[in-house]
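J.: Next up is a structure, given as structure tokens.
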């Protein structure tokens, strides 16, 4: 990054390196914005369809996606929720949303005490770098969430489609 | 004919939590794509996945076009008793596939 | 004929460049090493590797009678696990009867037409990929064993194509995969171009594909005119690339971004 510090012209490579570094820094830090604030209208509507007007609290949910995704067409994603998963206290549902996909819904899973552990993994599609949001509904009716900014890198030589 | 890969333990201790990993052949056509001549490609996805354990539902998921082709779904369940875990995928255009795995719980 | 003439011209133009820039044997590595832990895990665990869905399809096809001869692959070759062990590591191979090099998918089609008396399977069709994946799987972990002696003219022709500039960007394969290997192009690391995992599951494709599809993909990226599937240029490139990766272990069905 010395090229930027001393004011020399940056090469494309250096720009890419810096972008990468920012991306990693961005995902390592906790999201500063509140869950609903920065989301587009469609995403808000999707979230509202799940939570209604109940407040969503950040925490208890851990969303795992590689910080730098190698290809947006197949992105490994794991959601784990802290819960004893007993009849009295368990996760009822896990929802995943991607705000800049053509449609925000990714998966809605229904769980119960028989699920044993509230942890699911899927492979999802991300059209672009964006925020992914996971919301868990507990048996007491409360909602908890986690969100990640995901950087989707794109290959140089893309195949013609269809 | 849809091909599926299931990874589940054949034996488990009673009361332990086991992980079940599933993979099924499916193109998961989003419905958001167009051909070069501008024709919309109709949606063709798996919409629902259900896992039952000796007939009782233990996990269910609704899938959307944002799930990648050849859907991979991994979930957990409590090993309660010996028997059969049945996995069922259904989707657009009458898609339906069922797989069963036997588990011995001791 | 024209094609052959072009190949010969390309050979003469490119030999000098190739000799100076080929990757030293000790510096070679599979692109597996450049992948994220998540993508590696996808390849490593059979139950999570989507390429295994094609291997399963291949197992079923292996047992299915086909053609006028109403004979299955298993009818001649028995259990693929034993009869096909190490076979994919030797392809493309020299076919003495035809006097030319043939790749694994081409060999499967020869079996279809000559022995099963059934039409060829289309390149990149699910069935051909499935059978190729099944056969390639039996060489998993085995070193690539190029028949250098008999394939020499094809290896040379492949190297000529690999090192010749082509397309609107005026690039040769060697510009990315020899001279700039390991560097970044957009978000990806330029590979060394070792075809150790084919047919493989590409996350971008969301399906299994052959080395020829990958080469076609590169040609489109270079804005060059791709060859027709099965064209002698592709076979020559495959022969060269497999020779270039000689001794490296096969990984099929690999997973790549």
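J.: What about residue A:118, is it under 24 Å from residue A:48 (Cα atoms), more than 7 Å from every other protein chain (Cβ to nearest Cβ) and touching a strand residue (DSSP E or B) at 6+ places or on another chain (Cβ under 9 Å)? If you could, list the steps in order and put the result at the bottom.
T.: Values: under 24 Å from residue A:48 (Cα atoms): yes; more than 7 Å from every other protein chain (Cβ to nearest Cβ): yes; touching a strand residue (DSSP E or B) at 6+ places or on another chain (Cβ under 9 Å): yes.
Answer is yes for this residue.
J.: So for the stretch C:199-207 (the condition being crowded, with 20+ Cβ neighbours inside 10 Å, assigned to a loop (DSSP other than H, G, I, E, B), touching a residue at least 12 places away in the same chain (Cβ under 8 Å) and away from chain A (no Cβ under 12 Å)), does at least one residue qualify?
T.: Yes, because at least one residue in the stretch C:199-207 is crowded, with 20+ Cβ neighbours inside 10 Å, assigned to a loop (DSSP other than H, G, I, E, B), touching a residue at least 12 places away in the same chain (Cβ under 8 Å) and away from chain A (no Cβ under 12 Å).
J.: Looking for whichever is under 19 Å from residue C:250 (Cβ atoms) and crowded, with 18+ Cβ neighbours inside 10 Å here; the options are C:187, C:158. Which one fits?
T.: Answer to the selection: C:158.
J.: Please list, ordered by residue number, the strands (runs of 3 or more DSSP E) wholly in the stretch B:9-106 having 2 or more residues that are buried (at least 20 other Cβ atoms within 10 Å of the Cβ).
T.: B:17-24, B:46-53, B:56-63, B:72-78, B:83-91
J.: Can I ask one more? Taking the stretch A:90-111 as the search range and keeping residues that are over 15 Å from residue A:73 (Cβ atoms) and facing another protein chain (nearest Cβ under 7 Å), which one is modelled with the lowest pLDDT?
T.: Checking each candidate, the answer is A:103.
J.: Still on this structure: Look at residue B:4 and say whether it is under 18 Å from residue C:46 (Cα atoms) and either touching a residue at least 60 places away in the same chain (Cβ under 8 Å) or touching a helix residue (DSSP H, G or I) at 6+ places or on another chain (Cβ under 9 Å) (or both).
T.: yes
J.: Another one. Looking at the stretch A:105-162, what strands (runs of 3 or more DSSP E) fall wholly within it and have at least 3 residues that are surrounded by 21 or more Cβ atoms within 10 Å (Cβ to Cβ) and free of Cβ contacts under 8 Å to residues at least 60 places away in the same chain?
T.: Numbers: elements: A:105-110, A:119-124, A:130-138, A:143-152.
Here the list reads A:105-110, A:119-124.
J.: Tell me yes or no: at least one residue of the stretch C:46-62 is in a loop (DSSP other than H, G, I, E, B), in contact (Cβ under 8 Å) with a residue 12 or more places away in the chain, within 21 Å of residue C:212 (Cα to Cα) and out of contact with any helix residue (DSSP H, G or I) (no Cβ under 8 Å at 6 or more places or on another chain).
T.: Looking through the stretch C:46-62, none of the residues is in a loop (DSSP other than H, G, I, E, B), in contact (Cβ under 8 Å) with a residue 12 or more places away in the chain, within 21 Å of residue C:212 (Cα to Cα) and out of contact with any helix residue (DSSP H, G or I) (no Cβ under 8 Å at 6 or more places or on another chain).
J.: Moving on to the next point. Does residue C:193 qualify as being more than 11 Å from every other protein chain (Cβ to nearest Cβ) and at pLDDT 95 or above?
T.: Yes.
J.: Out of everything in the stretch C:208-220 that is within 12 Å of chain A (Cβ to nearest Cβ) and in contact (Cβ under 8 Å) with a residue 12 or more places away in the chain, what residue ends up being farthest from residue B:24 (Cα to Cα)? Before you say what the answer is, go through the steps one by one.
T.: The first filter runs over the stretch C:208-220 and keeps only residues within 12 Å of chain A (Cβ to nearest Cβ), leaving C:209, C:213-220.
Now drop any that are not in contact (Cβ under 8 Å) with a residue 12 or more places away in the chain, which leaves C:209, C:213-216, C:218-219.
Details: C:209: 17, C:213: 23, C:214: 24, C:215: 28, C:216: 27, C:218: 29, C:219: 31 Å.
My answer is C:219.
J.: What number goes with the only condition from (1) within 13 Å of chain C (Cβ to nearest Cβ); (2) on the phi > 0 side of the Ramachandran plot that residue A:141 does not pass?
T.: Failing condition for residue A:141: (1).
J.: Counting just the residues of the stretch C:169-181 that are within 13 Å of chain A (Cβ to nearest Cβ) and assigned to a loop (DSSP other than H, G, I, E, B), which one comes out farthest from residue C:23 (Cα to Cα)?
T.: C:169
J.: Tell me whether the stretch A:49-67 contains one or more residues that are touching a helix residue (DSSP H, G or I) at 6+ places or on another chain (Cβ under 6 Å) and at pLDDT below 95.
T.: yes
J.: Mind checking which residues of the stretch A:80-91 are under 16 Å from residue B:78 (Cβ atoms) and either crowded, with 22+ Cβ neighbours inside 10 Å or in contact with a strand residue (DSSP E or B) (Cβ under 8 Å, 6 or more places away or on another chain) (or both)?
T.: Step one: of the stretch A:80-91, the residues under 16 Å from residue B:78 (Cβ atoms) are A:81, A:83-91.
Those that are under 16 Å from residue B:78 (Cβ atoms) and either crowded, with 22+ Cβ neighbours inside 10 Å or in contact with a strand residue (DSSP E or B) (Cβ under 8 Å, 6 or more places away or on another chain) (or both): A:81, A:83, A:85, A:89, A:90, A:91.
The values are calculated or read from the model by the stated rules, or taken from the named source; none is laboratory data. As the structure is a computational prediction, the values presented were derived from the model and not from experiment. Neighbour counts are summed over all protein chains in view; Cβ atoms, including those assigned to glycine, are modelled from backbone coordinates with ideal geometry.
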